[in-house]
Amino acid sequence: MSKKCRFCGNELRYTFANLGMSPIANDNLTSEHLNRAEKFYPLHTYVCDRCLLVQLEEFESPEHIFGDGDYAYFSSYSESWLRHAKAYTELMVERFKFNAASQVVEIASNDGYLLQYFHQKGIPVLGVEPAANTAKAAAEKGIPTWVKFFGVNTAKEMVAEGKSADLLLGNNVLAHVPDVNDFIGGMKIVLKQNGILTMEFPHLLQLMQQNQFDTIYHEHFSYYSFITVEKMFAAHGITLFDVEELPTHGGSLRIYGKHSDAVEPALSNRVKQLKAKEAAAGLEDIETYLTFGEQVKATKRKLLKFLIEAKSQGKTIAAYGAPAKGNTLLNYCGVGKDFIDYTVDRSPYKQGLFLPGTHIPILHPDKIRETQPDYVLILPWNLKEEIMTQMAYIAEWGGQFVVPIPEVRVYPAIQQQVLSTIAS
């Protein structure tokens, strides 16, 4: 059966990266499930040779991944992400003058990590979040939240309830949507005539240039360049008038959109500049995409070489974090308890569980001090500065940090004031 592009319907014939078979990245296991069969699915990304959208097939529904009431990711456990959300709020209020007469709507609002800052300013907010457990955490912060998936039908319900958006935003949700045309079509409906939308998502250019193959997992159905995402929004009557390149999640884009028939705001020069940058990097040429798979294999070999040598020298290795990207990395590279004794995570929702596929136990961060490992492998490498600051005490026993992406690097544990000078 032929595979079709989820945006333009073209037949998918070209492989971007094939990471073999992998479990759903956030399906952490209880001890009762360790001896049961796990489902593994192909982690095989394709690139469409018509619209150049990089994409995975849909094997598990979003309802399974996000909507079963037990979603594992709570945004508020990252201090740097909270700072990012607060800075975004200040920027939006200053630039677009949102106030108590405005309606801010966030799609995939998680635990209220961002809307709380608009709420504190007296600006009306509404979250739309399919995971009941994170929505409940948002409600406890006073953030009204609809427990629904967003699309055309939800957008029509929102308009009928008087919840059209002056500011419509979504951070790291666009990649999670299998039916992108329904999703963007819903945004077109719920956005007020002079409303502004912003979306943030990992930038495909950074994924390719920084070898971030571990950000490929089954929750992420699509991977976006600006060139492609501009076409997608234009097809639904939304013009992208500005774009920012952000350092978050290893390099992200924040796009700004308006109805195509809205006069303001004017088109920013940053749109033209980024399109030129992507074109110079070859993102308009299908051949560029077809070389990525070899980079991935090289990164795997380097990580395995480091781990084998470390274990041969009798070194102990623990990991930090239980992010989805870490599970892609470990499962693709075949790294299990033979290399990694355990991982730790600050989220109590993950502690006491086991990583899918590898069955590495997830423990409280205090375990690091207790066992004093020689190396701490940082799985959420996009937060490496924050984690190195939190865990700087491993210097007491000569512990070192290992960051696997874009390639294996070892960092000595050093004092907090020096960490800001570490090159990304």
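Give me the pairs, please: first residue somewhere in the stretch 122-149 and touching a residue at least 60 places away in the same chain (Cβ under 8 Å), second residue anywhere and among the small types (Gly, Ala, Ser) and surrounded by fewer than 18 Cβ atoms within 10 Å (Cβ to Cβ), beta-carbon distance under 9 Å, and either six or more positions apart or on two chains.
Cβ pairs passing all conditions: PRO130/GLY67; ALA131/GLY67; ALA131/GLY69; ALA132/GLY67; ALA132/GLY69; ASN133/GLY69; PHE149/GLY67.
Considering the stretch 341-352 alone, what residues qualify as being open to solvent by less than 40 Å² (accessible area, probe 1.4 Å), over 21 Å from ILE308 (Cα atoms) and in contact with a strand residue (DSSP E or B) (Cβ under 8 Å, 6 or more places away or on another chain)?
Of the stretch 341-352, the ones open to solvent by less than 40 Å² (accessible area, probe 1.4 Å) are 342-345, 347, 350.
Next, from what is left, pick out any that are over 21 Å from ILE308 (Cα atoms): 344-345, 347, 350.
Result: VAL344, ASP345, LYS350.
Report, ordered by the first and then the second residue, all pairs with beta carbons closer than 9 Å, sequence separation of six or more or different chains, a first member in the stretch 286-307 that is under 14 Å from THR45 (Cβ atoms) and open to solvent by less than 20 Å² (accessible area, probe 1.4 Å), and a second member that is part of a helix (DSSP H, G or I) and hydroxyl-bearing (Ser, Thr, Tyr).
VAL296/TYR332
Which numbered condition trips up ALA175, out of (1) small (Gly, Ala, Ser); (2) within 22 Å of PHE16 (Cβ to Cβ); (3) without any contact (Cβ under 8 Å) to a residue 40 or more places away in the chain?
For ALA175, the exception is condition (3).
Within the stretch 329-375, how many residues are outside any loop (DSSP other than H, G, I, E, B), farther than 18 Å from SER31 by Cα and polar (S, T, N, Q)? Give the steps one after another, and end with the answer.
Pass one, the stretch 329-375, residues outside any loop (DSSP other than H, G, I, E, B): 329-333, 343-344, 354, 361-363, 366-371, 375.
Add one more test, that the residue is farther than 18 Å from SER31 by Cα, and what stays is 329-333, 366-371, 375.
From what is left, the residues that are polar (S, T, N, Q) are 331, 371.
Within the stretch 329-375, residues that are outside any loop (DSSP other than H, G, I, E, B), farther than 18 Å from SER31 by Cα and polar (S, T, N, Q) number 2.
Would you check which residues across the stretch 305-330 are more than 17 Å from TRP381 (Cβ to Cβ) and among the aliphatic types (A, V, I, L, M) and list them?
Initially, the stretch 305-330 is screened for residues more than 17 Å from TRP381 (Cβ to Cβ), giving 305, 308-316.
Within the stretch 305-330, ILE308, ALA310 qualify.
Table: residues versus (1) open to solvent by less than 30 Å² (accessible area, probe 1.4 Å); (2) at pLDDT 90 or above.
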position: CYS8; (1), (2): no, yes
position: MET21; (1), (2): no, yes
position: GLU32; (1), (2): no, yes
position: ARG36; (1), (2): no, yes
position: LEU43; (1), (2): yes, yes
position: ASP68; (1), (2): no, no
position: ALA72; (1), (2): yes, no
position: SER78; (1), (2): yes, no
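Do you know which residues across the stretch 309-328 are free of Cβ contacts under 8 Å to residues at least 24 places away in the same chain and in a helix (DSSP H, G or I)?
Restricting attention to the stretch 309-328, the residues satisfying the condition of being free of Cβ contacts under 8 Å to residues at least 24 places away in the same chain are 309, 312-314.
GLU309, SER312, listed by residue number.
Could you grab me the full set of residues in the stretch 177-188 that are more than 17 Å from the chain's Cα centre (by Cα) and either open to solvent by less than 10 Å² (accessible area, probe 1.4 Å) or farther than 14 Å from LYS148 by Cβ (or both)? Can you show your working first?
Residues of the stretch 177-188 that are more than 17 Å from the chain's Cα centre (by Cα), as a first pass: 179, 181-188.
Across the stretch 177-188, the qualifying residues are ASP179, ASN181, PHE183, ILE184, GLY185, GLY186, MET187, LYS188.
If we scan the stretch 266-280, do we find a residue that is surrounded by 15 or more Cβ atoms within 10 Å (Cβ to Cβ), of a type outside the set (Ser, Thr, Tyr), outside any helix (DSSP H, G or I) and over 21 Å from the mean Cα position of the chain (by Cα)?
No, every residue in the stretch 266-280 fails to be surrounded by 15 or more Cβ atoms within 10 Å (Cβ to Cβ), of a type outside the set (Ser, Thr, Tyr), outside any helix (DSSP H, G or I) and over 21 Å from the mean Cα position of the chain (by Cα).
Working only within the stretch 218-255, note down all residues that are open to solvent by 20 Å² or more (accessible area, probe 1.4 Å), assigned to a loop (DSSP other than H, G, I, E, B) and hydrophobic (A, V, I, L, M, F, W, C).
Listed by number, the list holds a single entry, ALA235.
When you scan the stretch 25-57, how many residues do you find that are free of Cβ contacts under 8 Å to residues at least 40 places away in the same chain, within 19 Å of PRO178 (Cβ to Cβ) and part of a loop (DSSP other than H, G, I, E, B)?
Number of matching residues: 1.
Give me the pairs, please: first residue somewhere in the stretch 243-254 and of a type in the set (Asp, Glu), second residue anywhere and in a strand (DSSP E or B), beta-carbon distance under 6 Å, and either six or more positions apart or on two chains.
Short answer, once both residue conditions are applied: GLU244/ARG254.
Counting only residues that are among the small types (Gly, Ala, Ser) and without any contact (Cβ under 8 Å) to a residue 12 or more places away in the chain, which one in the stretch 80-117 is surrounded by the fewest Cβ atoms within 10 Å (Cβ to Cβ)?
Start the filter on the stretch 80-117 by keeping residues that are among the small types (Gly, Ala, Ser), which leaves 80, 85, 87, 100-102, 108-109, 112.
Cutting the leftovers down to without any contact (Cβ under 8 Å) to a residue 12 or more places away in the chain gives us 87, 101.
Working: ALA87: 11, ALA101: 8.
Step by step, filter the stretch 80-117, then rank; the result is ALA101.
The values are calculated or read from the model by the stated rules, or taken from the named source; none is laboratory data. Keep in mind it's a predicted model, so treat the numbers as computed, not measured. With ideal geometry, Cβ positions are generated from the backbone for all residues, glycine too; neighbour counts draw on all protein chains shown. To get the accessible areas, we keep the full protein, side chains included, count just its heavy atoms, and leave off ligands, DNA and RNA. Shrake-Rupley method; radii C 1.70, N 1.55, O 1.52, S 1.80 Å.
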